[in-house]
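Read the structure below first, then the notes.
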Amino acid sequence: SNGAKSTSGGGGRLDTATPGPHTYTVTAIAGDGQRSSASVSYTVSAPPRHRKPVRKGKPVVNKRTGQITVKYQFFEAGQAGFAGKMPKGCGQGGPKASKRCGHGFVAYGHTKAKIAHAGVYKLHISPSRKALETLTAQGKALRVRLTLAFTPAGSKERLNVGGSVKVKLKSSKKS
């Protein structure tokens with residue numbers, strides 16, 4: 001690519017938008033019409049790929065409240081959305097519901113977080129009212145599918161990280 005023409009000098013721009021080899025040429029014209037050119041070659045590297053966040057350790061479940069906490073290592077700043085979903089309970093809602101056993105999902109919970117810089121962050125989701133009803137009605141551990149959706153700052157790329165955890169609430173004993 002060539003620099004832009006300038007009568008005052010130094011007005012050209014380097015093409016840095018396109019990866020690969022480039023040449024920048026400047027041509028000077030003297031008052032008597034003589035010309036002289038000089039060129040510089042340079043290479044633009046491809047932008048770095050963004051790294052997916054990595055889960056650090058196992059998810060932790062508060063058996064009293066159902067809150068799920070997961071630590072993630074982030075390698076750059078950006079926005080994170082963390083959510084969970086679980087299978088609908090079997091047998092809820094009368095005889096028709098039992099025919100749909102195992103079909104569909106209940107939103108467990110979700111949260112958003114601003115990731116200010118690279119580092120390890122703890123993200124938490126608390127169960128929705130419907131998720132708590134389903135857990136209580138089932139009385140057994142249910143698997144919650146977890147999804148972390150991360151968008152690096154200044155990027156439109158979305159990086160997803162999945163996982164799951166079994167959740168069972170402790171029954172509260174009434175006296």
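Annotation: amide H of residue 167 within the under-5 Å range of 142, 143, 144, sequence separation 5 or more or interchain, hydrogens built in the peptide plane. Note on surface exposure: 115, 29 rank 29, 115 by accessible area, highest first, 1.4 Å probe.
Segment residue 28..residue 120, full-extension length gain: 27.7 nm, with 0.36 nm per residue of separation and the alpha-carbon distance subtracted. Can you work out the base-10 log of I(q)/I(0) for region 108-158 at q = 0.24, 0.29, 0.31 1/Å, using the Debye formula on its C-alpha atoms alone? Per q value, in the given order, log10 I(q)/I(0) is -0.99, -1.24, -1.32. Proximity of backbone amide H atoms, modeled 1.01 Å from N, is registered between residue 44 and 20, 22 at under 5 Å, excluding neighbours fewer than 5 places apart on the same chain. Calculated FRET efficiency, residue 164 to residue 69, Cβ-Cβ distance, R0 = 22 Å: about 0.90 to the nearest 0.05. Near residue 24: Cβ cut-off under 12 Å, other residues only, Lys/Arg at +1 and Asp/Glu at -1. The net charge is 0. Computed on protein heavy atoms with a 1.4 Å probe, the accessible areas place 42, 108 in the order 42, 108, largest first.
The values are calculated or read from the model by the stated rules, or taken from the named source; none is laboratory data. None of the values given here were measured: they were computed from a predicted structure. Cβ atoms come from the backbone with ideal geometry, glycine included; neighbour counts cover every protein chain shown. Protein only, heavy atoms only, side chains kept; ligands, DNA and RNA dropped before computing areas. Shrake-Rupley method; radii C 1.70, N 1.55, O 1.52, S 1.80 Å.
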